[in-house]
Amino acid sequence: MSEINGTMADVKTRSGSDDLIFFVNGQKIVETNADPETTLLVYLRRKLGLTGTKLGCAEGGCGACTVMLSRYLPHSEQLLHYAINACLAPICSLHLVAVTTVEGIGSVAQKLHPVQERIAKSHGSQCGFCTPGMVMSIYALLRNNPTPTMAEVEEAFQGNLCRCTGYRPILEGYKTFTVEGGCCGREGGCCGTNGSRAEEPSEDDVAEATPLFDAGAFAPFDPTQEVIFPPELMSLTKGQRSRSLCFHGERVMWLQPASLGEFLCLKWKHPDARVVVGNTEVGIEMKFKNMVYPVILAPAFIPELNSVTHTDDGIMFGAACTLSHVQEVLKQAVETLPPHQTEVFLAVLEQLRWFAGQQIRNVAAVGGNVMTASPISDLNPVFMAAGCRLTLMDKDGSRVLQMDDSFFTGYRRTALRPQEILASIEIPYSKKTQFVSAFKQSPRREDDISIVTTAMSVTFSPGTNVVEDLRLSYGGMAATTVMAKKTAHRLLGRCWGEELLQEACSSLAEEMTLDPSAPGGMVTYRRTLTLSLFYKFYLTVLQKLRLQGVNVEVVRSDCLSATEIYRPQAPSSVQIYQAVPEGQSQDDVVGRPMMHLSALKQATGEAVYCDDVPLYENELYLSLITSSKAHARIMSIDTSAAERMPGVVCCVFADDIPGSNATGPILYDETVLADGQVCWFFSSGDVIRVRTTLTLSLPPQVTCVGHIVGAVVAVTHVQAQRAAKAVSIQYEELQPVVTIQEAIAAQAFYQPIRTIQKGDLEAGFNQAKHILEGEMHIGGQEHFYLETNVTLAVPRGEDGEMELFVSTQAAAKTQSLVAKALGVPENRVLVRVKRMGGGFGGKESRTTLLSTVVAVAANKLKRPVRCMLDRDEDMLITGGRHPFHGKYKVGFLGSGKVVALDVSYYSNCGNSMDLSLPIMERALFHMENSYSVANVRGRGFLCRTNLPSNTAFRGFGGPQGMMIAESWITDVAQSLGRPSEEVRRLNLYTEGESTPYNQVLDHVTLDRCWDECLSRSRYHQRQAAIDLYNRQNRWTKRGLAIVPTKFGISFTAIFLNQAGALVHIYTDGSVLLTHGGTEMGQGLHTKMVQVASRVLGIPCSKIHISETSTNTVPNTSPTAASASSDLNGAAVQNACKVLVSRLEPYKTRNPEGSWDDWVKAAYFDRVSLSANGFYKTPDLGYDFESNSGRAFNYFSYGVACSEVEVDCLTGAHKNLSTTIVMDVGHSLNPALDIGQVEGGFMQGLGLFTLEELHYSPQGVLLTRGPGSYKIPAFGDIPAQLSVSLLRDATNDKAIFASKAVGEPPLFLASSVFYAIKDAISAARAESGVSGPFRLDSPASAERIRNACMDQFTKLCPPAEPGTFTPWSIQV
């Protein structure tokens, strides 16, 4: 086997360090200078050049860095394979371990592994950044279990996130490996491609559904052909007597003791050393909390700490046992032991089901979970309620503690002495009359930290319902895990019945209090949960007592659903699209479900993203210095400590900018780096003036937390980041404006205030029989593209030329702003974009924040400079979707027909204009959604605040505008007591009606989408079933909603509606195609190749797109506004038609010839085989002053119907079903378009039900990564998902009669929000409350629970606003 030696010639072995030996993809690595602070991810990418493994978050929360580890266990002679997060694994933990990365299992060049092939061909890879992690999660599963169940596949994905696909195609591709989904080999495609269904779709749907891929064509999976475990490693493992290891790093020493005795001696010698097994906690502390632990003890391989012993009282686990192992052992015990003994085990297993992701459970130790002492630990409440016994040891002996409320002595502190270690934990058997339950409530069900977690154990006197012992343990209610001792004591000796319940609830409400300013917020909700979860336990125990023959109250049938444990349903799906017309040539791929052109490369890790570009020889790394204050003057900056640090080359500040420091996508109202030149001046509501003259007396100002002040450039990423944190800034703080309400009070608005008005508002309200007013807040949203912002700038050494590799949607704008900052003409700056790992609008204008700074540093040092932001930096700096507040007054008739609407929108823009004005304009253009209102006025106010500037995000203001519309239409229906579906239908636009901006609608397909959605969703049967269900269930309610969307297609800025293309034909007949659009996963390049293939009449295999660059197609518009296929497709068509006309004479002369013949003939005849194409959208131009002109080229329409089930006690909800009917015209590629519909829908699902940005009152973003900010995961897909592309819907305004599809489907997820609101209405009716009510977005578990008013919420009234400082505020 080849051997890679990890030494670098110029680095001597650090004194006393052992050699670290491990294998990567079968190759032996000997690292003589292993640094304990180096993670496996950094080592793979930077040292070994294996860039298939991606950095997504650096905290083990997204799965992009998943790899497989394999170990040989000599004592059992077994191989252990398991998936881990490379971003958290220190290389020092890998001694004698085999690492397998995505590159090690297959490649496009040689042979694909079935796991790689199936995700690509089932259309499960869009931007592809998450794909290698998905591949490795399933690969590890299959190495252990070649025929998994679908539930095991879903479990394997609990630690993986995707922002593009909506997850359905990934599951569908991998279903083919499962026992349920093995391919039947039926002719005409596999029956497994449409999923096993809990509730079968209609026969019509199945008959129409055409599989998007042919599972029968997949290469068979043969588990015997896997890569073998390296034989040398096996003999090394067998031959090595256990020996201790020591690795010295720059700041940290890693000690790996070989025996328990040695471990205890080391802990005695180093009492403050951190003990690390999985590094899932310490790794995050060192990365994000800047902790340094000079000594780390790693006892992961000590046999005693990994042992499992069955005792008379229970099962004893060594403290280093991983959670996966604990799970396995307990599952086995539950299967073999009598049920009464396994109550505690079942409670632990219930918590482990939702504990982090598989990659974390595979390495995190049970002892680490206890010793971390997290106040929101999922397991510690169970261990406490069960009275688990802990064995503690030091070199002088051992002691046993029972885990009770004295074990945790304070926030993240335990009763262990510094020299002691936790050796084992004994989880006891339960007694015959003991009942134990555990509950966890979190924002998202899978891989999420708890809001409140609890375990409850009750023991009865035999044969009675008299309480003998009661333990109620809660996490999330104090700085430690706590016991409700007073309540438990009060209930001893009491009978388990209604009286006990009343007393328990009032006692818990008194005992489980929280300061209204408590960290984590949600105080009312958390207090209510303590009661609601006890009530669930109370009912569960009643049922169990009855089963034991004890005479207790019967649980009412309508309360039974409160005791059900959530079991996920395998998702099923149907995709329906129109086949290409009969007679269409097989070579003509337009309209066919063709795979994304990069999908196979993405699945093997061979696709190159910006940070995968190999390192230049003298390259440096940049890290940003950002403001920690929302509004302040900088009084001094001290860089001396940073400049003394190893590897630091220089700091960069505003003085280093050779050109202009003023920047911004439309107005130059921002700085590249903070300085005193650009200052804001406000007077009440006045227009803002910008002073750009240098005023030396003015200190630099920062106007948000995350404002870029400067940068540090160093030799490595880590050195730059450490130095940036060492820069000290002194501030003079100024009063910040953070929320929309504060901006309104201060009249802090950007100008202009936009208005659209049509009809006679006063007359409309006079005509109305009813008038109602309401308001709603819509929270912001983080883009969470899996690939964060990244730029590599390479000075070209002459004439001020600079080449930039950037992950951006706007190459031309990047070129322009970099040139401005460098003070050179734009022709000296080349911007290249190969592909992005997701964009969603977040890389339209805000990427230039980073690109300009990196370019300035590269220019100063005349060396290549790279920077990829960490997830927390990216979230802090780059802004997201604008939070909106809407106020409305609506007039309507008794029938529900709306006759007058007055609506005002307020958006939180942040500290600069960015694209806030066009975003507000689009919100106003969509203020009526799909409803015809004769008399209407909409006004938009742009609030200037001290938050990072908010920006474009899929939908661009449209979703916020339409969300308010759906709020008032729901209020109208509720106030009249009419079905909302009827009121919506009554108000829908029809052909020939005109919008508030006086655009007449033609080719309206809303009614067709609506009727098809009603019938496909079986709406009326569903509604009847829901009414019955809600009558039969008190504590779970179901809701249903059907919502339309109408989305205008065009940039609202007219000049952006243009595109260029450049097509070269080479003499071998191959074609190189370039156009102005960028590829971010949406499949734009694939569609452009399809267009060129049709026009040129050649197969796609002859056409190649390399990248988007400013030196091939100049002055490009950003890839945005859903219009890129329309614009670039028409430009490509234009260029190809020119070439076809040039080749026509040669085809005529040689009709029997081939494409290659005609190309050669033209070349020898000296005909140009290169053509430019250009397109501009005709007849556009809207004027706000006169409210006239065409704002949009055409509209995309869609309708979605969703059903949900809400748990009224916790606020959790299940997405039961969604049916979507979308008009995409004649689809260019149904697989890509359905992928966009599903991906957009899931992103909207996040926006409206899950994703919540929390800011402190001082304007600090508190949610800065996947640990605290939750995007939808696999478990959030509707259990039934049907997507149908409307048939026979032509569109004469876009390429080949297609329609735009990127943004329009996102808003359809509001059907889930309004289904939730429908379910809440049913819950409120039980408490005698009816009529319209306010529900802000997102409909989080907290908002849902607080809106379901009942006896428990009454016991926990919220604190009076103004009497406390909240932990987070609604911005």
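Nothing in this text is a laboratory measurement; each read-out follows from the coordinates by a stated rule. Note that the structure is a prediction, hence the values are computed from the model and not measured. Note: ideal-geometry Cβ built from the backbone for every residue, glycine included; neighbour counts use all protein chains shown.
Which length gain, in nm to one decimal place, applies between M291 and E250 when the Cα-Cα distance is subtracted from 0.36 nm times their residue separation?
Details: separation 41, 0.36 × 41 = 14.76 nm, distance 1.43 nm.
Extra length available between M291 and E250 comes to 13.3 nm.
Along the principal axes of its C-alpha atoms, what lengths does region 811-859 span, in descending order and rounded to whole Å?
The principal-axis extents, from largest down, are 30, 18, 16 Å.
Using a basic spin-label model with each label point 7 Å from the Cα along Cα→Cβ, how many nm lie between I565 and Q767?
Label-label distance for I565 and Q767, simple model: 6.0 nm.
Starting from the coordinates of the alpha-carbon atoms of region 481-640, obtain the Kirkwood hydrodynamic radius over all distinct pairs and give the value in Å to one decimal. Before the final figure, lay out each step's value.
On the way: mean 1/r = 0.0406 Å⁻¹.
It works out to 24.6 Å.
Using only Cα atoms, what Kirkwood radius does region 703-788 have, in angstroms? Don't skip to the answer; put the middle values down first.
Numbers: mean 1/r = 0.0512 Å⁻¹.
Mean inverse Cα-Cα distance, inverted, gives 19.5 Å.
Of the cross-linked pairs K769/K897; K1270/K1354; K1046/K1299; K536/K1037; K121/K601; K1214/K1317, which ones have a Cα-Cα span greater than 19 Å in the structure shown?
Over 19 Å apart, Cα to Cα: K1270/K1354.
Extending each Cα 7 Å along its Cβ direction at H1020 and Q419, get the distance between those two points in nm, one decimal.
About 8.1 nm separates the two model spin labels.
Quick one, can you get me the convex hull of the C-alpha atoms of region 274-409 expressed as volume per residue in Å³?
Details: hull volume 17.8 nm³, N = 136.
Spelled out: Cα convex hull of region 274-409, divided by residues, is 131 Å³.
Output wanted: per-residue J couplings in Hz (rounded whole) for region 272-288, from phi through Karplus 6.51 cos²θ - 1.76 cosθ + 1.60, θ = phi - 60°, x for Gly and Pro.
Those phi angles translate into 8, 5, 8, 9, 10, 10, x, 6, 7, 10, 4, x, 6, 4, 6, 6, 9 Hz.
Would you list which aspartates and glutamates come within 18 Å of K289, measuring only between C-alpha atoms, while excluding same-chain residues fewer than 8 positions from it?
E37, E59, D272, E281, D870, D872, E873, D874
Over all directions, average the projected area of the Cα convex hull of region 906-1049 and note it in nm². Please report the intermediate quantities before stating the final value.
On the way: hull surface 44.7 nm².
The directionally averaged projection comes out at 11.2 nm².
Where Rh denotes the Kirkwood radius from the mean inverse Cα pair distance, what is Rg over Rh for region 433-572? Kindly include the intermediate steps, with their values, before the conclusion.
Values: Rg = 15.7 Å, Rh = 16.0 Å.
Rg/Rh: 0.98.
Mind ordering 984-992, 613-621, 446-454, 1145-1153 by average Cβ neighbours within 10 Å, highest first?
Listed from highest to lowest mean packing, they are 446-454, 984-992, 613-621, 1145-1153.
Explain nothing, just the number: relative contact order of region 970-1066, from Cα pairs under 8 Å at least 6 residues apart, as a whole percent.
Numbers: 45 pairs, mean separation 16.7, N = 97.
Relative contact order of region 970-1066: 17 percent.
Compute the Rg/Rh shape ratio of region 1008-1057: radius of gyration over Kirkwood radius, all on alpha-carbon atoms.
On the way: Rg = 18.5 Å, Rh = 14.0 Å.
My calculation puts Rg/Rh at 1.32.
Can you give the calculated 222 nm mean residue ellipticity of the chain, where each DSSP H run of n ≥ 4 adds -39,500 (n - 2.57) and the sum is split over every residue, rounded to the nearest 500 deg cm²/dmol?
Details: 36 runs with 385 residues, N = 1371.
It comes out at -8500 deg cm²/dmol, rounded to the nearest 500.
Output the Cα-based Rg and Dmax of region 87-159 in Å, rounding Rg to one decimal and Dmax to a whole number.
13.4, 38
Compute the whole-percent fraction of alpha carbon pairs in region 49-113 spaced more than 19 Å apart.
40 percent
Using a Förster distance of 51 Å, how high is the FRET efficiency between V179 and L236, based on the Cβ-Cβ distance and rounded to 0.05? Intermediate results must be reported in sequence, preceding the final value.
Working: r = 37 Å, r/R0 = 0.72.
E(calc), rounded to 0.05, equals 0.85.
Once you've got the Cα coordinates, tell me which of K54/K175; K813/K862; K862/K1176; K725/K843 are over 29 Å apart.
Exceeds cut-off: K862/K1176.
Which values, in whole Å and largest first, are the semi-axes of the equivalent ellipsoid of region 457-533 obtained as the square root of 5 times each eigenvalue of the Cα gyration tensor? Show your work: numbers first, answer last.
Working: eigenvalues 138, 30, 15 Å².
Those come to 26, 12, 9 Å.
Where does the charge balance sit around S107 when Lys and Arg score +1, Asp and Glu -1, over other residues with C-beta under 11 Å from its C-beta?
Working: positive: K111, K601; negative: E103, E606.
Here the charged neighbours net out to 0.
Using only the alpha carbons of region 352-468, what is the convex hull's orientation-averaged projected area in square nanometres? Provide the component values of the computation, followed by the final result.
Details: hull surface 35.4 nm².
Mean projected area of the Cα convex hull: 8.8 nm².
Per residue, what volume in Å³ does the Cα convex hull of region 1326-1371 take up? Intermediate results must be reported in sequence, preceding the final value.
Values: hull volume 5.6 nm³, N = 46.
Enclosed volume per residue, from the Cα hull, is 121 Å³.
I need the calculated FRET efficiency for the pair T336 and E77, taking r as the beta carbon distance and R₀ as 30 Å, to the nearest 0.05. Walk me through the numbers on the way to the answer.
Values: r = 24 Å, r/R0 = 0.81.
For T336 and E77, the calculated efficiency is 0.80.
How long are the three semi-axes of the equivalent ellipsoid for region 1229-1304, computed from the Cα gyration tensor as the root of 5 times each eigenvalue, in whole Å, largest first?
Numbers: eigenvalues 235, 51, 15 Å².
In descending order, the three semi-axes are 34, 16, 9 Å.
Taking 7 Å along the Cα-to-C-beta vector as the label spot, tell me the V715-R978 distance in nanometres, rounded to one decimal.
Label-label distance for V715 and R978, simple model: 7.5 nm.
Provide the convex hull volume over Cα atoms per residue for region 412-476, in Å³.
On the way: hull volume 10.0 nm³, N = 65.
It comes to 154 Å³ per residue, whole-number rounded.
Based only on Cα atoms, what Rg/Rh ratio does region 255-344 have, Rh being taken as Kirkwood's radius? It would help to have the intermediate numbers written out before the result.
Values: Rg = 16.5 Å, Rh = 15.2 Å.
Rounded to two decimals, Rg/Rh equals 1.09.
Ranked highest first by the average count of other Cβ atoms within 10 Å around their residues, in what order do 794-800, 784-790 fall?
On the way: 794-800: 13.6, 784-790: 27.1.
Taking the mean over residues of other Cβ atoms within 10 Å, the ranking is 784-790, 794-800.
How big is the chain along each principal axis, measuring the range of its Cα positions in Å and listing the largest first?
Answer, in whole Å and largest first: 92, 83, 79 Å.
When the scattering of region 507-583 is computed by the Debye formula from its Cα atoms alone, each counted once and equally, what is log10 I(q)/I(0) at q = 0.13 Å⁻¹?
For region 507-583 at q = 0.13 Å⁻¹, log10 I(q)/I(0) is -0.66.
Assuming a viscosity of 0.890 mPa s and a temperature of 25 °C, what translational diffusion coefficient in µm² per second does Stokes-Einstein assign to region 828-935, Rh being the Kirkwood radius over Cα pairs?
Details: Rh = 17.9 Å.
D = 137 µm²/s.
Would you mind counting up the charge near I451? Only other residues with Cβ under 14 Å from its Cβ, with Lys and Arg at +1 and Asp and Glu at -1. Present the calculation step by step, with values, prior to reporting the outcome.
On the way: positive: K440, R444, R445, R526, R527, K1270, R1343, R1345; negative: D378, D448, D1207, E1252, E1342.
It works out to a net charge of +3.
Given the convex hull of the Cα atoms of region 976-1051, what is a quarter of its surface area in nm²?
Numbers: hull surface 29.7 nm².
Mean projected area for region 976-1051: 7.4 nm², to one decimal.
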